[in-house]
Amino acid sequence: MGGVRLAAVTSRLADSAYLRACRGEPGDRVPVWFQRQAGRSLPEYRAIRGTGSILDAIAQPDLATEITLQPVRRYGVDAAILYSDIVVPVHAIGFGVDIKPGVGPVVEQPFRSGADLERLRPLDPEADTPYVLQTVRNLVGELDVPLIGFAGAPFTVASYLIEGGPSRNYTVTKALMHGDPQLFGRLLDRLADLAIASVRSQVEAGASALQLFDSWAGALSREDYRRFVQPHTRKVVDAVADLGVPRAHFGVTTGELLAAIAETGVDVVGVDWRVPIDEARRRIPRPVTLQGNLDPGVLMAPIDVVESQVRAILDRNAGHPAFVFNLGHGVLPETDPDVLHRVVEVVHDEGRADGPADPRGSS
C-alpha cells in the first residue's frame, strides 16, 4: 500500500515548483517555503495548540494535520513541512527525551557510556510512531503541494542526548567525539538507523521529499565534520536513495562545511544568511539545489527593507533554476505573518527560475 500511495503522490505533484527546483529544472516561478512556518508566529496555531509539550500535539494526528496546513493556507507556500520534531524517534523508543517549553529537548539521563547504547533500540514506525504516519496520510489527502518529511541528522540528535539539552559550546559532545571516537561512532550509527527508519516510513506514507536537520553541525571544523559526522549522514542519504524523492540537508553556521555537506549526496543544501547564495554555489563543486537564505531577524524590519533583502537574494541567484527560497533558519515567534505573506508574493512575482536545467551529478 505504501508503494502505491507514494507512486500516486509523486505522479500528481511531480511538476510542482518545489520538486522541479529540487531537480534543478526550470519552472514558472521560484518556490518558497519557511522553516518553522507552522508555529508560534501564527495566531491560529496559538488558538488550537493547547498546553503541554509539543510532543503531545504531535501525537494527535488531526491536530498535527491542521497545524501543518495552516501556513499553506495563509501564505500560499509551495511546500508543507510535517509538524513534528527531530527528537520524536528517540522519545518514542523510550530514551527519556522531552521537549521543555522555552528550552527545547531535554534528556533525563544523558548518554555517557557504551551501556547507554542499549537504550537506543531500533524504531518500528508502525508501532512506535503511528501518529506520525497517520498525520502524513491525512496531509497527502488534503495538500496540493508537496509534503516534506524530516528527521534529525545523527550529530545533532547525538548532541542533545550527550549534553542533556541545548548547548552553546557542545563541550561534552566534543569530549566524547575526540576522547572515545569508537563509542561516538557507534552512537551516531544507531541514530542514523533511527533516522532511516523514520524518514523511510514518512515517504512510504506519502511525503514527497525529506530533509535532514543537522542544525548544530556548524559547531564543527570541516575536518572533524568529514571524519566524525559525514559518514553517518551519508549513510542516511544513501539508505533512502531508492525512494526517488529529493533529499535536503539543513544546518546553521555551516558556510565552511557546504562542500562537505554536498559530498553526502544530498540533492538540496540549506544555506543560512551568513553566506550569499551565489558564493554558496561557488563553494559547492557538484550540482545541487540551494535553499535559503533570508535572515529571520530581517523580518522585523520595515517592509520596504524586507522586500529589498528578498530581491537581493533573488538577484544573487540570477534565475538559477536549482533554488528554493527560504529563511536562513526558522521563523521567529514574534514574526508578523503578514510580512511572511508579502515575502511569498515578492518571490512568486519577481523570482526567476528560467536558467538552463542544472545537470545532476552522481553522489
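For this structure, a couple of remarks:
- Checking GLY270, GLY355 one by one, the residue that is surrounded by 15 or more Cβ atoms within 10 Å (Cβ to Cβ) and at pLDDT 95 or above is GLY270 and no other.
- A Cβ distance below 9 Å, combined with a sequence gap of six or more or placement on separate chains, defines the contacts here; from segment 179-195, residues that are without any contact (Cβ under 8 Å) to a residue 24 or more places away in the chain reach no residue that is among the basic types (Lys, Arg) and surrounded by fewer than 22 Cβ atoms within 10 Å (Cβ to Cβ).
- Output for segment 140-175, where each listed residue is part of a helix (DSSP H, G or I), crowded, with 18+ Cβ neighbours inside 10 Å and of a type in the set (A, V, I, L, M): VAL140, VAL157, ALA158, LEU161, ILE162
- Of the listed requirements (1) assigned to a helix (DSSP H, G or I); (2) touching a helix residue (DSSP H, G or I) at 6+ places or on another chain (Cβ under 6 Å); (3) among the aliphatic types (A, V, I, L, M), ALA207 misses just one: (1).
- Residue match in segment 316-338 (condition: in contact with a Leu (Cβ under 7 Å, 6 or more places away or on another chain), closer than 15 Å to THR289 by Cβ and not in a helix (DSSP H, G or I)): yes
- Failed item in (1) surrounded by fewer than 24 Cβ atoms within 10 Å (Cβ to Cβ); (2) closer than 23 Å to VAL87 by Cβ; (3) touching a strand residue (DSSP E or B) at 6+ places or on another chain (Cβ under 9 Å), with ALA241 passing the rest: (2)
- Segment 21-76, subset part of a loop (DSSP other than H, G, I, E, B) and of a type in the set (Val, Ile, Thr), residue modelled with the lowest pLDDT: THR51
- Of the criteria (1) free of Cβ contacts under 8 Å to residues at least 40 places away in the same chain; (2) farther than 26 Å from ARG190 by Cβ, which one ALA115 fails: (2)
- Qualifying residue in segment 150-160 (condition: of a type in the set (S, T, N, Q) and within 15 Å of the chain's Cα centre (by Cα)): yes
The values are calculated or read from the model by the stated rules, or taken from the named source; none is laboratory data. Every value quoted in this text rests on a predicted model; they were computed, and no experiment measured them. Glycine gets a Cβ as well: all are built from the backbone with ideal geometry, and neighbour counts include every protein chain shown.
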